[in-house]
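Before any comments, here is the structure.
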Amino acid sequence: MGISRPSDSPVIGGMGSHSKSIPSSNKPATPHPSCLLPSAPASPPTPAPSPTPHQRPAAWRWPEEEDELLLNARIRFGSLSGSKKQQFLEAILSQCNSQQLSFVSSYVTPRLRRDPFSEFPTEISLRVLSFVDDPKTLARASQVSRRWHELLNDDITWKNLCEKHAYTQQRRAEEDQDFIEPIHNNRTHSLSGLQRRYSATARSRDGFADFPRSLSGDWMSPSALQPRKRKSRFLSYKYHFKQKYMIESAWSKGGRCTQRHISPDQGVVTSLHLTPKYIVASLDNAKIHVYDTNGENQKTLQGHGMGVWAMVPWDDMLVSGGCDREVRVWNMATGECLYLLRGHTSTVRCLKMSNKDTAISGSRDTTLRVWDLRTGTCRSVLVGHQASVRCLAVHGDTVVSGSYDTTARIWNISEGRFVRALSGHFSQIYAIAFDGNRIATGSLDTSVRIWDPSTGQCHAILQGHTSLVGQLQMSGDTLVTGGSDGSVRVWSLKRMAPIHRLAAHDNSVTSLQFDNSRIVSGGSDGRVKVWSLQTGQLLRELSTPSETVWRVTFEEEKAVIMASRNGRTVMEVWSFSPPPEESEHDGAAFDTSSSISEPAPATDNGTPRRLLSPDVTQMTGVDQPMVDAPL
C-alpha cells in the first residue's frame, strides 16, 4: 500500500542476518473516500468478527460537522409550531425503511404509556378497582408501585370484595370482644367458623336468630356460640378476606388430615357431631367416643348396654339413646353420667333438644317422650304414631316427627300436645327437616314432600330419586337431598324444581351436609366428595377411598370423616385453617393459597403425629388403635 519496510527491520524467529528484508512496493497509495472516517475500513467485513482480547473494536464517532447538523436540527425543530413539527416528522418518517420505523415504534411506545392511577383522583381510582373481582389480580397489582400499593391498602376495595364473595366481617365490639356483621344473611346448618368464635349474631331474613343448627336443621344452643379463648385483634377487610379466601382455596385443593383408629374392629358409626369443643361419635358397640376438635381422644362414655343409635350434644352436655331402650344424660367435660332416663319400651331411634333443659326422644315403640334434663324426669309422652318413630326435627317449641306409618306429626313441646298430622306418603318416612316455615319429608316411596306447618297442606311433591330418600337438609330457599340411588339433588323451594342433579356415589348416600358454598357427601362406596352448591360441579374428593363412609360432618375450617378401612373404623380430621399470618407478601399469599403448607407435626406424648396431605395413599395402618380412655 505504498509503505516500505526498512532494511534493518527486526529479525524473525532468531534468524539474525540470514533474514531477508521485505522489498518496497512501487504501487501508488489508494486515497480514502471522503465519506469514510480515516480509521474505518473501506468495506466492513460481513459478518464483523468479535473483538479478541488483543483487539479493540473501532471507536465510532460522528464527525464534528454531523454533530453540528443534529444540534441545528434540534434547535430548528424546537422553534417550529405544532403543525410544522408534525409536517417535519412526517417528512422524516417518510424517508425511513421498515427497520428504522420499527426502531421508532419501540422507542416511542413506552413513552406514550401513562399510569392512570397517578393521574386519576383517589376516588376514581378506587372506583375502577371496585370492578376487579379476582383477588389474585388485586394482590399482584399492589406490588406494581407505591401508588398502587397505597390504593390497594384502602379497606373499601376489600370490603367490596367481601360483599361480592358473601363473606362476613368481624369488628371489635365493646369489652374487647368480637362479633360478626353479616353482609349476606345466608344461614348455614353447619357450625361455621364464625359461629364457633363469636357470641353475638345478627337476624336472618326469616326473622329468627341466626344460631347454628344440627345436621337436620334444628336450632342449636346459644351457649355453643361462646367465643373461644384467643387473642382479640381488630381485623381489616383485607385481612379478613385473605383468611376467608385461603380457607376456600384449601377446601378446593389443600387441607391437613390427621387419621385415628377408633376401633380395632369394624364398628358401625351411628352418629357423629362436631361442636365448638368436641368431636363426638357413637357406635353400635355401645360406646361413645369424645375427642377434642383436633381428634385427640379425651373420654369414652360407657354405660349403655347395647348399641347407641341416637345422640345430641349441647355445650358440655350429651344426651344419648339406643337399643337398650334407655336415654342417658352425660357431662362430656367430666365423663359423668348425670341421669338415666327410662320409659321407652323399644329402641330409642332419634333424639333432639329444643333447649338446654329439654330433650325429645323418638322410639320404635311408636311414642315420643319429652324429658326435663334439670330433674331427669319425663314431662310428657306423645302418642299417636302407629309405627316406629324414625326421625325428628325441632324448631322453637315445635317438634315434627316422621314415622314408618307413612305420616309426619306436629307437636307442641311445652304443652305436650298434638297439633296436626301430615299424610300423603305411600311408604315409610326416613328423613325430615323443619325451618319454622316449611317441613320437608323424605320417604321410601322415592319422593320428597314440602308441607305448610300452619295448615298441614302439601305444597309440592319433588320427584327424581329412584330409591329411598334418607338424607335431607334445608336452608333458606334451598333443599339438598340424598338417596339410596347414590344421587344428590339440589332443589329450589321458590320454584319447587331441581337446580342440580349430581351422580354422586355408586351406592347409597350415607351422609350429606351443605353450607353457603359447598356440599359434602359421603357414600357407602367409600368416597367423600365436595361439590359446588352454585354450579353443581365436583370440586374434589376428600380423603382416599375406603370400604364405606359411615358419617361426615363439617364446619367452616374443619371436616370429620368416619369410615371403615382395612376392617377397622377410622376417623379423619381435616383442617382447612390458614397458616399463621405473615404481615408482608400479600400477593404471594394469594398466589400460594391453593394449598395450605403443613406446620411441624404435632406431638402426642413426645411421638410425632403424622400429617397427611390430600393425595397420600398410605393412610391405612399408620396410627395405632386407640384404647378406651377411662371415665
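Data for the structure
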quantity: Long-range HN-HN contacts of GLN471 with modeled amide H, under 5 Å; calculated: GLY482
quantity: Highest average packing first - 387-395, 493-501, Cβ atoms within 10 Å; calculated: 387-395, 493-501
quantity: Under-5 Å amide H pairs with SER546, H placed in peptide plane, nonlocal only; calculated: ARG527
quantity: For ARG420, distant residues with modelled amide H under 5 Å away; calculated: ILE410
quantity: Mean Cβ count within 10 Å, highest first, over the residues of peptides 243-249, 556-562; calculated: 556-562, 243-249
quantity: Segment 394-447: C-alpha gyration tensor shape, a/c 1.5 cut-off, then a/b vs b/c; calculated: prolate
quantity: Selection from GLY483, VAL469, ASN437, by position along the positive dipole direction of segment 431-522 (Cβ); calculated: ASN437
quantity: Relative contact order computed over segment 380-493 (Cα-Cα under 8 Å; 6+ residues apart), in percent; calculated: 16 percent
quantity: ³J(HN,Hα) computed for each position of segment 457-470 - Karplus, 6.51 cos²θ - 1.76 cosθ + 1.60, integer Hz, glycine/proline x; calculated: 7, 8, 7, 7, 10, 9, 10, x, 5, 10, 8, 3, 9, x
quantity: Most to least packed among 127-135, 108-116, 152-160, 253-261 [average Cβ atoms within 10 Å]; calculated: 253-261, 152-160, 127-135, 108-116
quantity: For segment 431-522, alpha-carbon Rg over 2.2 N^0.38 Å; calculated: 0.99
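Readers should treat all values here as calculations from the given coordinates under stated rules, not as data from a laboratory. All of these numbers come straight from a predicted model, not from anything done at the bench. Ideal geometry is used to build each Cβ from the backbone, glycine not excepted, and the neighbour counts take in all protein chains shown.
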